[in-house]
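Only the coordinates and a few stated rules stand behind these numbers; no lab work does. Just so you know, these numbers come straight off a predicted model, no measurement behind them. When we count neighbours, we look across all protein chains shown, and the Cβ atoms used for this are built from the backbone with ideal geometry, even at glycine.
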Amino acid sequence: MIASVRGPVRHVGLDHLVVEVGGVGLLVHTTPATAADGRTGEEITLETTLVVREESLTLYGFAGADAKALFEQVQTVSGVGPRLALAMLSVHAPDALRAALARGDLAALTKVPGIGKKSAERLVLELKDKILAVGVDPAELSVAPAGAAGAEDAVVGQVRAALEGLGWNTRQADAALATVTSAPDAPTDVAAVLRAALRELGR
């Protein structure tokens, strides 16, 4: 099992990074926000999970152990595979996702492409008690406030492509970006714009 990787970033994609470890470039699938934090040539450390299938070995990476643990936990629910689990963490930060599960917030869960009402209900049914059992108080789990974002055309284009890759259509992506980029004190980097757009889509 590859539990973590550390090394220089050789390539940054919309939803993946290539990290060089011991002279070997490892393709690591991650959330768009984590991928956007990568910088070509700079060293990065990722917590990872290796998913083994008969026909493939796929490595998923996370900025911290918290996201990795939740990625693995949601997959204990029938019908949730690694791609859907990664989509959940692409839309919601770990604390926000735990809050949605603990509170039974179906509206928040169904914002994730690929999760319908029945799937959301099953997630809550199977995970709510497990989350509450570890002493998590859903009232203390805060969702990051919707932030402002503004960006140059190149950044907006990257974020739009990332949102479409997660399952939203062009109209939805553009509407979210229009709201985000019209805010007064907006950052200009891809990660911040993407996070703000995901929060807007999650409203």
*Using amide H atoms built 1.01 Å from N in the peptide plane, name the residues 5+ places from Leu26, or on other chains, whose amide H lies under 5 Å from its own.*
Val19, Glu20, Val21
_If I stretch the segment between Glu20 and Ser182 completely, what's the gain in nm (0.36 nm per residue apart, minus their alpha carbon distance), one decimal?_
54.5 nm
*Orientation-averaged projected area, Cα convex hull of the range 1-65 (nm²)*: 4.2 nm²
*Short version: ³J(HN,Hα) in whole Hz for each residue of the range 190-202, in order, from phi by Karplus 6.51 cos²θ - 1.76 cosθ + 1.60 (θ = phi - 60°), x for Gly and Pro, what are they?*
4, 4, 5, 5, 5, 4, 5, 5, 5, 5, 5, 5, x
*Under 20 Å between C-alpha atoms is the cut-off here; go through the chain and count lysine pairs that meet it, provided they're at least eight residues apart or on different chains.*
6
*asked:* Could you tell me how far the Cα centroid of the range 45-70 sits from the Cα centroid of the range 1-37, in Å?
replied: 11 Å
*Ratio of Rg to Rh over the chain (Cα coordinates, Kirkwood Rh, two decimals)*: 0.96
_I want to verify the translational diffusion coefficient of the range 64-131 in µm²/s; compute it with Stokes-Einstein, Rh as the Kirkwood radius over Cα pairs, at 10 °C and 1.306 mPa s._
139 µm²/s
*Go ahead and set up a Gaussian network model of the chain, Cα springs under 10 Å, then flag whichever of Thr49, Thr170, Thr30 fluctuates most.*
Thr170
*What is the percent of Cα-Cα separations in the range 30-74 that go past 17 Å?*
38 percent
*asked:* Sequence gap at least 6, Cα distance under 8 Å: using those rules, report the relative contact order of the chain to the nearest whole percent.
replied: 17 percent
_From the phi angles alone, apply the Karplus equation (6.51, -1.76, 1.60; θ = phi - 60°) to the range 125-131 and give each ³J(HN,Hα) in whole Hz, x where the residue is Gly or Pro._
4, 8, 10, 3, 5, 5, 5
_For a label point 7 Å along the Cα-to-beta-carbon line of Glu126, residues of the range 43-87 with backbone N under 13 Å_ = 72-82, 84-85
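Expressed as a rounded percentage, what relative contact order does the range 1-78 have, with Cα pairs under 8 Å and six or more residues apart? Walk me through the numbers before you get to the answer.
Numbers: 151 pairs, mean separation 22.2, N = 78.
It comes to 28 percent, rounded to a whole number.
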*Inter-site label distance for Ala175 and Arg39 at 7 Å from Cα along Cβ, in nm*: 3.7 nm
_If you take every residue apart from Ser182 with its C-beta less than 13 Å away from the C-beta of Ser182, what net charge results, scoring Lys and Arg +1 and Asp and Glu -1?_
-3
_Mean residue ellipticity (222 nm) of the chain, computed from DSSP H runs ≥ 4 via -39,500 (n - 2.57), nearest 500_ = -14000 deg cm²/dmol
*About the Cα centre of the range 79-121, how large is the charge dipole given +1 on each Lys and Arg Cβ and -1 on each Asp and Glu Cβ? Please answer in debye to the nearest 20.*
100 debye
